[in-house]
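Report on the following structure.
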Amino acid sequence: MVIQANLTHFKTLNEQIRACPDADITVGCCTGQRYIASGMSGRRITVHGTPGNALGAYLDGCTIEVFGNAQDATGDTMNSGEIIIHGSCGDATGYGMRGGRILVEGDCGYRGGIHMKAYEGQLPVLVIGGQAGSFLGEYLAGGLIIVLGRGVGGLPPVSYFCGTGMHGGKIVLRCDEAPQGLPRQVLVSEATAADRAELLPHLEAYCRRFGGDAQALAAERYFVLTPNPEAGYKQLYTFN
Amino acid sequence: MLKEGQVRIPAGCAISGIFSRSGARTSGEAIIKSISTMHDRSNGLGGGFAGYGIYPEYADFYAFHVFYDTQAARDACEDFLEAHFDIVNLSKIPTRRHPRITDEPMIWRYFVNPLHVKLEASQLDEREYVARCVIRVNDQLEGAYIFSSGKNMGVFKASGYPEDVGAYYRLEEYSAYSWTCHGRYPTNTPGWWGGAHPFALLDWSVVHNGEISSYDANRRFIEMFGYKCNLLTDTEAITYIIDYLGRRQGLTLPEIAQVIAAPFWSTIESRPAEERARLTYLRNAFAPLLVTGPFSILVGFDGGLMALNDRLKLRSMVVGEKGDTVYIASEECAIRVIEPSLDRIWAPRGGEPVIVTLDKGGK
Amino acid sequence: MPIDFLYPEYEVIRNPGRCISCRICERQCANGVHLFDDKTKKMTADESKCVCCHRCVSLCPTRALKIVKTDHAFKENANWTGKAITEIYRQAGTGGMLLSSMGNPEPQPIYWDKILINASQVTNPPIDPLREPMETRTFLGKKPGHIERDAQGNIVPNLSPQLALDVPVMFSAMSYGSISYNSHAALARAAAALGTYYNTGEGGLHKDFYGYGPHTIVQVASGRFGVYKEYLEAGAAIEIKMGQGAKPGIGGHLPGLKVGPDISKTRMIPEGTDAISPAPHHDIYSIEDLRQLVYSLKEATGYQKPVFVKIAAVHNVAAIASGVARSGADVICIDGYRGGTGAAPTRIRDNVGIPVELALAAVDQRLRDEGIRGQVSIVAGGSIRNSADLLKAIALGADACYIATAALLALGCHLCRTCQAGKCNWGIATQRPDLVERLDPETGYQRLVNLVTAWDHELKEMMGGMGINSIEALRGNRLMLRGLGLTQKELDILGIKHAGE
């Protein structure tokens, strides 16, 4: 079923989506309507236009594909499912995400993948094709963030304060040199064969959606950011 | 119940701007459509617009837009204006009745120039003279408030949702090469119209989203230089800071941005020596004007527009381009709704200003 | 090292004539204070480890023990007190921020104690609550503001989702992790038995307690621990935690050490990993973003659950509450600066925020001034210690109160303020299985029911005394209050008159 969003209020649009019996729903002419597919499971939702903030919040097993750019807080507290963005996304993408995958063809705003966490079989994955804004993976507790730096010419595809307060998970950056000025909670190393093997399925998913050769991409140079176990918060306090 | 100016009222918001580099003037309809898509970022307690290039027939006169609570306030203000300015035209600002715009004050417009003799006697630069007169009215004349005082530009604002405010002021009848707009989400009463954005002084106008945490440090510093922060709003303080740094200290807009959204020391230290020295100097010399906390602002001025995010980029802002027109808004949908096929769209980094000006020969 | 020597704050006094060396104290003390000396066959004590929790005292079969504050002292100094000096030593020795637990213990004014309650004499009659109807049922949620009728002229029930409380007291947020499984079990059962609600805190909801969902408020905090669709739908209401009275403006940190298998499942994070709650919600940097989170939760749960927003009482609380009221929230919870916590930096706990009495009065008045008091209910917390505090809060304008420290006291807490150590001898603020099992949920539940039932009786007695037989007539009825020994400014903020006026 196709629902034309145009200037419909988000509450009306989301009611229409929830009420629609189809497993496959297309939202056309989206104009900033918020919370599309929030908490939803078992559907496939295609969005044309510009979905509003908190797209796929608490997502629980849906697939959302956006032809256009996504705004802020995409996949907020997402539990499972997949969000595919043929474009870029705004700030705080994948905040507190626990599972599922977000594929962003282009760039990601500030605070991408902030406080992502893994749990049992769930491993949240955020793949950013272009570059990411400051504070990527702040407080990262688990999961995998991949930044491919397409169009950045081999420079680190991240900005300031990448991985601040990181205490779990992994950030992988495709670049020719390690990023400078990383916080002390972060260790940097070149990608190992095991890292590349971990990347591969996500690179394949990325290339399947947006084009490119996953094998060739996996063979390129990557730097891996992991938390430094020596730099936790234990030393911060004294009992009073 | 205390009104704005007697108590400080934090507010959140939506902003939008349209700027034509070629100087092509368009009506207010597009900007109204743009802001209306972000309805949920406002709460109906304030909306407003600034348009540049709207008064070509009076381009050499300061256009004062004034709210009056009472006839007595109007009489007092007009006495003051007559004593200090040559008033070449005065009229009510045209409005249309609107079911959701209520409690309107009297809204008047004056095109003026300083009285030559008074200006000479004051020994002030003309713009300083005008600024002081505006501040004096707003500070001292109870019930009168000059909310717009630039040349060939004007601010239109009220308590209400911005799309309703635009309709109320009949903005479809004005043409501007630069429009900015604001939908307000204050944490207060449907109080006073003066508290809405844009806030303006001379040809500066500022719309702002966010609540700054440095407010009183900034205010107490800026008030040393003759400004009076009557509204206790962030926007008012930011406008005065920009006026002080730009008009009185002669800083360029990028330099102003480097003062109010100064990079972190760790970032400054990573820059080449010369730039590091300059950034260190600016941050140190104007330390009390560092603005912290979330903000995204649009600063309108004669012939240009600046967009700036706080250095942590705590508010969202996107910029789009199509031909020679530049669009800036809190959310991408507010741009797409008026221009679906953009040449380029991007989110500027925190603390890095986007400055657009008229092409040569534009206007 | 000698500079850092701090003389123990408490001394363990053992009456040798009574001590039978049964070694119960030794087994009961998780801090390892008591030791049996094999040579002398006598009990000894290392008082440097004592936190003054009274576990040993309470369980000593011969009442041979007492804990007293040491009279060892620094040279008297009204400015540099012994406390100030030892804190310097602690920080100079470690470089750490001072960390403490439970509510602010400093001797700052407690306004509840300077407010007096009215009673009827002659001009209208008091009511006897034991024999006449006396109602304390409360509904929390947005009131409609306008009446709708259908074609037949019948009133359309256009109420937003509401919570019904049989007593105007709820148990406020304490996460599983900060307190034990058995504590949660007791709170959940008690809430259900009392017809009220308990709050999961930010640690998710244990599978075992989903059955108490209709009496559960599920919390969404900045760490989003355990937050997913099923969780949001499990509770009767959803609370967004923006702040906490004990530590406004900062986040939280549950050390990985406390994240065992069970907590890992409930928080939905791996075992042994730190659970860090950021200071802000990173999707809320401005008031319009709060609206975004409120509505994302409403959208995710089909507009079936009231959404609470909990804020710490800070300077600008009235304006903030006004913004919250306009954000779509159904209930605003205001947490005063004396509220408890499992761990907070001492300086923040004791210096940041304002008393709930002033915050509540300011918020209620502000919302009335703006004509939007009906759009939200107000819940006050942050040290409600007894039924008189509760009554005063309601008369100042609260719809209901949150209690937590009082509830923990009912469960056996002795306010030793050492929760951060995770070795709570009473089985409350700990995850050590041997300690947790000391708290019997059955006893705990009964004691919580006893406490709230007793308060409800007292509340009714006091209401009856004023000639009020329904809680609605008490709410915001500030004429029933008078201040004692307060300045005019304080009276103005509280919106009450001075005694005798």
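Every number here is computed from the coordinates shown, using simple stated rules; none is lab data. Since the structure is predicted, the reported quantities are computational estimates derived from the model, not experimental observations. Here Cβ is always computed from backbone atoms with ideal geometry, including for glycine, and neighbour counts include all displayed protein chains.
Computed from Cα atoms, the angle from the helix C:441-465 axis to the main principal axis of chain C rounds to 50 degrees. What is the log10 of I(q)/I(0) for region B:38-167, computed with the Debye formula using one identical point scatterer on each Cα and no solvent, at q = 0.12 Å⁻¹? So the normalised log intensities are -0.49. Per-residue mean of foreign Cβ neighbours for A:51-59 is 6 (Cβ atoms of other chains, 10 Å radius). Taking max minus min of the alpha-carbon positions on each principal axis, region B:177-246 gives extents of 33, 31, 19 Å, largest first.
Rounded to the nearest 10 degrees, the angle from helix C:181-194 to the longest Cα principal axis of chain C is 30 degrees. Of the trypsin sites (Lys or Arg not before Pro) found in region C:1-88, those in coil by DSSP whose Cβ has at most 11 other Cβ atoms within 10 Å are C:Lys39, C:Lys41, C:Arg63, C:Lys75.
Helical runs assigned H by DSSP (4 residues or longer) give the protein assembly as shown a calculated mean residue ellipticity at 222 nm of -7500 deg cm²/dmol, each run adding -39500 (n - 2.57) before division by the residue total. Expressed per residue, the C-alpha convex hull volume of the protein assembly as shown stands at 219 Å³. Packing order of peptides C:263-276, A:91-104, highest average first: A:91-104, C:263-276 (average count of other Cβ atoms within 10 Å over each peptide's residues).
Eigenvalues of the Cα gyration tensor times 5, then square-rooted: what semi-axes does that give for region B:12-357, in whole angstrom, largest first?
Working: eigenvalues 175, 127, 69 Å².
Equivalent-ellipsoid dimensions as semi-axes: 30, 25, 19 Å.
Each label was represented as a point 7 Å from its Cα along the Cα-to-Cβ direction; for B:Lys118 and A:Phe239 these points are 7.3 nm apart.
Full-extension gain between C:Asp150 and C:Glu76, please, as 0.36 nm times their residue separation minus the C-alpha to C-alpha distance.
19.0 nm
Think of the protein assembly as shown as having a plus end and a minus end, set by charges on the Cβ of Lys, Arg, Asp and Glu; of B:Cys133, A:Gly121, A:Thr93, A:Gly121 sits farthest toward the positive end of this dipole. Taken over the C-alpha atoms, region C:308-352 has Rg and Dmax values of 12.0, 34 angstrom.
About its Cα centre, the dipole of chain B is roughly 600 debye, where the only charges are +1 on Lys and Arg Cβ and -1 on Asp and Glu Cβ. Cβ screening of chain C for cysteine pairs under 4.7 Å finds these without a partner: C:Cys19, C:Cys22, C:Cys29, C:Cys50, C:Cys52, C:Cys60, C:Cys333, C:Cys401, C:Cys413, C:Cys419, C:Cys424.
All C-alpha pair distances within region C:2-96, sorted into 10 Å bins from zero, spread as 15, 40, 26, 17, 2 percent across the bins. Packing here is the average count of other Cβ atoms within 10 Å per residue, and on that basis the peptides B:48-59, C:395-406, highest first, run C:395-406, B:48-59. For peptide B:325-335, the mean count of partner chain Cβ atoms within 10 Å of a residue's Cβ comes to 4.
Longer than 28 Å from Cα to Cα, which of A:Lys11/C:Lys143; A:Lys117/C:Lys143; C:Lys143/C:Lys241 are they? Say none if no pair is. Distance filter (> 28 Å) returns A:Lys117/C:Lys143. The convex hull defined by the C-alpha atoms of chain A has an orientation-averaged projected area of 14.1 nm². Would you be so kind as to identify which of C:Ile127, C:Gly145, C:Ile117 lies farthest towards the positive end of the dipole of region C:117-156, taking Lys and Arg as +1 and Asp and Glu as -1 on Cβ and the Cα centre as origin? Positive-end residue among those listed: C:Gly145. Within region A:88-230, the proportion of C-alpha pairs whose separation exceeds 23 Å stands at 22%.
Could I get the Rg over Rh figure for region C:78-207? Both from C-alpha atoms, Rh via Kirkwood, rounded to two places.
With Rg and the Kirkwood Rh in hand, the quotient comes to 1.15.
For the segment C:224-234, counting C-beta atoms of other chains within 10 Å of every residue's C-beta and taking the mean gives 5. Can you tell me the 0 to 90 degree angle between the C-alpha axis of helix A:10-19 and the longest principal axis of chain A, rounded to 10? Tilt relative to chain A: about 80 degrees.
Of the trypsin sites (Lys or Arg not before Pro) found in region C:94-185, the ones in coil according to DSSP and having at most 12 other Cβ atoms within 10 Å of their Cβ are C:Arg131.
Computed packing ranks the peptides C:207-213, B:26-32 as B:26-32, C:207-213, most packed first, by mean other Cβ atoms within 10 Å. Spin-label model, C:Glu271 to B:Lys92: label points 7 Å out along the Cα-to-beta-carbon direction sit 7.8 nm apart. The label-point distance for C:Ala279 and C:Tyr303, in a model that sets each label 7 Å from Cα toward Cβ, rounds to 3.8 nm. Dividing the convex hull volume of the alpha-carbon atoms in chain C by its residue count gives 193 Å³ per residue.
Panel note: the C-alpha atoms of region C:360-501, placed on their principal axes, show extents of 55, 34, 30 Å (largest first). Calculate the length of the line joining the C-alpha centroid of region A:89-160 to that of region C:23-78, in whole Å. If you average the Cα positions of each part, the centres end up 53 Å apart.
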